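Note sheet for the following structure.
Nothing in this text is a laboratory measurement; each read-out follows from the coordinates by a stated rule. What you see is a predicted model; the values in this text were computed from it and never measured. Here the Cβ positions follow ideal geometry from the backbone for every residue, glycine too, while neighbour counts run over all protein chains shown.
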Amino acid sequence: MNEMTAPPSDQDLLQATAQGDRWAFAALMERHTPFALALAMRMLGNADDAEEVAQEAFLRVWRKAPDWDGDGGARFTTWLYRVVINLCTDRKRRKPIVAMDDIDEPPDPGPDGLERLAQGQMQKLVSQALNHLPERQRAAIALCHLGETTNAQAAETLGISVSALESLLVRGRRGLRDYLSRQGFAASGDLL
């Protein structure tokens, strides 16, 4: 009988990373990059910036792994998501870099090109709406509506109580609805 072993925990991978184990670091990246990238994308609204933030966050994981104190009660993901949010906040405060090629690509002439264009425009509208929210409301919505964190985990990441997080979410959703109604959308539906 072949016994299945459980995959290593984040804590195990982080301890191995602290000792220079590149495989463990690669496993951590593979496990957590999709959400870190999606969180950064929601916070920044720009794929290139989001990729840079996710890379910088994992560079910090590599550098800080030897100093990690998992016995302090914090989960690795809580720390990682906090790093991503802080990097996004820092990036938003910097002067924007103007891209050399700011022209939208023409829609794909294929059968689903119109659908992809509409989806891209909707994502752009949601990103614009998110950018009009205060930083903490944007962070709360990005954490909770990407489906990767519970309210308790999001509250821990932001360093606030669950009730304070829920208040941020209510105000953030109201801000999104107000913005979308000013843009001509009577019913915002489930855009997130």
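Applying 1/(1 + (r/R0)^6) with R0 = 35 Å to the Cβ-Cβ distance of Leu125 and Ser163, what FRET efficiency is obtained, to the nearest 0.05? Please report the intermediate quantities before stating the final value.
On the way: r = 30 Å, r/R0 = 0.86.
E(calc), rounded to 0.05, equals 0.70.
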Original post:
Using 7 Å Cα-to-Cβ label points, what is the Thr89/Ser181 separation (nm, one decimal)?
Top reply: 3.0 nm
Subject >> Mean Cβ neighbour count within 10 Å, used as a protection proxy, ranking 152-165, 39-52, 56-69 highest first >> reply: 39-52, 152-165, 56-69
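Using 0.36 nm per residue, how much length does the chain from Ala152 to Ser9 gain when fully extended, once their Cα-Cα distance is taken away?
Details: separation 143, 0.36 × 143 = 51.48 nm, distance 2.01 nm.
Length gained between Ala152 and Ser9: 49.5 nm.
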**OP:** Evaluate the relative contact order of region 8-94 (contact order divided by residue number), counting alpha-carbon pairs under 8 angstrom at least 6 apart; express in whole percent.
**Re:** 35 percent
Subject >> Integer Hz, Karplus 6.51/-1.76/1.60 couplings in order for region 160-175, x for Gly and Pro >> reply: 10, 6, 5, 5, 5, 4, 4, 5, 4, 5, 4, 5, x, 5, 4, x
Original post:
At what distance in nm do the modelled label points of Gln19 and Arg31 sit from each other, each positioned 7 Å from its Cα along Cα→Cβ?
Top reply: 1.6 nm
